[in-house]
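This report concerns only the one structure given below.
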Amino acid sequence: MSESSRREVRSGLEPCLARLWRYAVVLSRSPDAADDLVQSTCLRAIERADQFAAGTRLDRWLFAILRSIWINEVRARKVREAGGFVEAEDALSIDGAHAMEVNRMTSEVLMALGRLPDAQRETALLVYAEGYTYAEAASALEIPIGTVMSRLAAVRTALARLR
Amino acid sequence: MEHDDERLAALIDNELDEDERRRLLERLAEDEGLRDRLGRLRQDRDRIVSSFDALLTKAPVERLRAALPAAGGVRRRFAWSELAAGVVLGLMLAGAAQWIGVNRLAPDETDSWRTAVVEYMELFTPDTFAFVDPDGAVQSEQLKAVGAKVQVAVTPDKVAVPGLRYRMAVNLNYEGAPLGEIAYTDAAGAPVLFCMTANGAPEAPPQTSVKSGLSYVAWSRGGKSYMFVGRMPERQIADLAQTLVARF
C-alpha cells in the first residue's frame, strides 16, 4: 500500500507542476515565491508519500500541501514585507513586458483578479480553473459553502466592472 | 437581482439540485432579461477561466522539473538518498534566499548582497554537500537555469575551477535581482561558492577581502557582479579565483 503510494506520488508530481505553480502564483502573486513554494510542496509530498491514499486524487492532495505550506510557513514569515513581491496592481499580470502573448482582455482580467483579496482569488481559481465543486472548495478552504458562494459573487462583481 | 445572480452562477457552475434547476430553467424560458443576465455571467466566467489558463502557460515547467530530481526519468539512476539530499539542499538555499531578503544588514551598501552571501555561507559545513554529486547532464541543466535567470552564459567548462569539485547550481534572489550560486567543494570537502547577480553595478576590478572568517574575491563586469568565496586564506582564494575572473 505505502509502496504504491510512494510510486504514485513520485510519478504524479511532474504532470502537476504547471498547475501547482499557477496555484502558488495565485496565492503569492510572485513568480519567484511560486517557484519556491512548488519546490517545497514537491519535497513535502515525497517525504509524506506514505500518507497519500493510492488511487485518490493526487492533484488535490498536492494542492492541500501547497496551501498548508503557504499559510503556515511562507506567509507566516511575512516575506511580502521583505520586498521581492510584486505590488497588487501588477499582481498576476506577471509584469507588463511579459504580458505580450496574452491578449489585453486576459491581462485586464488577471490584473483585476490580482487586486482581489487573497481569499476571493483563491476560491475563484479552485472553482473556475480547477473544477472544484462548491462543497469541495468549502472543504479544501475550511469554510462554509455559503462563504464560497459569497466569495465567488464578489469576484463576479469585480469582473463585471471590466465589461 | 443579486439573489438571481447567485442562482444563475450556481446554474452555470452546475451546483443546483434538480428541483432548483428545473424551476430556474422555467423562469429563464419566460424572462428575456434573466437570459441576458445568464449570458453575461457565463461570459464573465469564461473570461476568468481563460485568464487562469493563460497563467498556466507561463509556468516555468522546465525549471520546476529540473528542481525535481525525484520525478524525472533521467536521474533515476542516482540513489534515492542522494536525490533527496539534493532537493533538501536546494530548498535550504531557496529558504536562505528569503532569509537574505529579510535580514539584510546593510541595504544601502551597493555590495550588501555579498554580505548576505557571507552571512548564510557561515551555516555551511563540509557535510553540506556530502550527498550532492550531479553528473554532467544535470550540471549543464542546473547551469543553464542559472544562466537564464542572471543572463550570463554559464557552462560546465566555463565554471570549472582546477582543484574544486562542482556540487550544484541554484537560483536565488536578492532584493528582486536574480542571484545565481554555484557551489563547489575543495579536496577537504569544504564548500566554496561562486555567486553572480545582475544588479547593474558599475565596472569594478577584482578585489580580495575577508569577512567573518571567509575570504572572497569580488568584481563587477558588464552590469553583473561576481563573488567567489570560501573559508581559506585570502591568497588561496585569489589564486583559485583566477580562472573565473578571466572568464567572467
Order of A:121-134, B:16-29, B:179-192 by packing, highest average Cβ count within 10 Å first?
A:121-134, B:179-192, B:16-29
In Å² (nearest 100), what accessible area is buried between B and A, both sides summed, heavy protein atoms only, 1.4 Å probe?
4300
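In peptide B:191-200, what is the residue-averaged number of other protein chain Cβ atoms found within 10 Å of each Cβ? Mind dumping the intermediate values first?
Working: counts 0, 0, 0, 0, 0, 0, 0, 0, 0, 0.
Mean inter-chain Cβ contacts per residue within 10 Å come to 0.
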Could you please state, rounded to a whole Å, how far the C-alpha centre of region B:15-36 is from the C-alpha centre of region A:111-146?
24
Reachable lysines from residue B:211, criterion Cα separation under 24 angstrom, eight or more residues apart if same chain
B:224
Per-residue average of other protein chain Cβ atoms inside 10 Å, peptide A:40-48 -> 4
To the nearest Å², the heavy-atom accessible area per residue of region A:1-59 with 1.4 Å probe amounts to 38
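Name the shape class, rounded, prolate or oblate, that the alpha-carbon gyration tensor gives for region B:2-57, where a ≥ b ≥ c are the square roots of its eigenvalues, rounded holds for a/c under 1.5, and otherwise prolate holds if a/b is larger than b/c and oblate otherwise.
Details: a/c = 3.16, a/b = 1.92, b/c = 1.65.
The shape class here is prolate.
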1.4 Å probe, heavy atoms, protein only - residues of region A:11-33 losing at least 30 Å² accessible area vs chain alone
A:14, A:17, A:18, A:21, A:22, A:32
Report, to the nearest whole %, how much of the accessible area of region B:2-57 belongs to carbon and sulfur atoms, 1.4 Å probe, protein only.
41
Accessible-area loss of at least 40 Å² (1.4 Å probe, chain alone to full protein assembly) applies in region B:45-61 to B:45, B:47, B:48, B:51, B:52, B:55, B:56, B:58
At 1.4 Å probe size, with every protein chain present, just tell me what the per residue accessible area of region B:99-248 comes to in Å².
44
Can you give the charge dipole size of region B:138-248 about its Cα centre, rounded to the nearest 20 debye, using +1 on the beta carbon of Lys and Arg and -1 on the beta carbon of Asp and Glu?
60
Which order do you get for B:247, A:104 if you rank them by accessible area with a 1.4 Å probe, largest at the top?
A:104, B:247
Taking the chain alone as reference and the full protein assembly as comparison, with a 1.4 Å probe on protein heavy atoms only, the residues of region A:108-129 that lose at least 30 Å² of accessible area are A:109, A:110, A:113, A:128
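The values are calculated or read from the model by the stated rules, or taken from the named source; none is laboratory data. What you are looking at is a predicted structure, and each value in this text was computed from that prediction instead of being measured. FYI the Cβ positions are ideal-geometry reconstructions off the backbone, even for glycines, and counts take in every protein chain you see. Accessible surface is based on the protein model in full, side chains and every heavy atom, while ligands, DNA and RNA are left aside. Shrake-Rupley method; radii C 1.70, N 1.55, O 1.52, S 1.80 Å.
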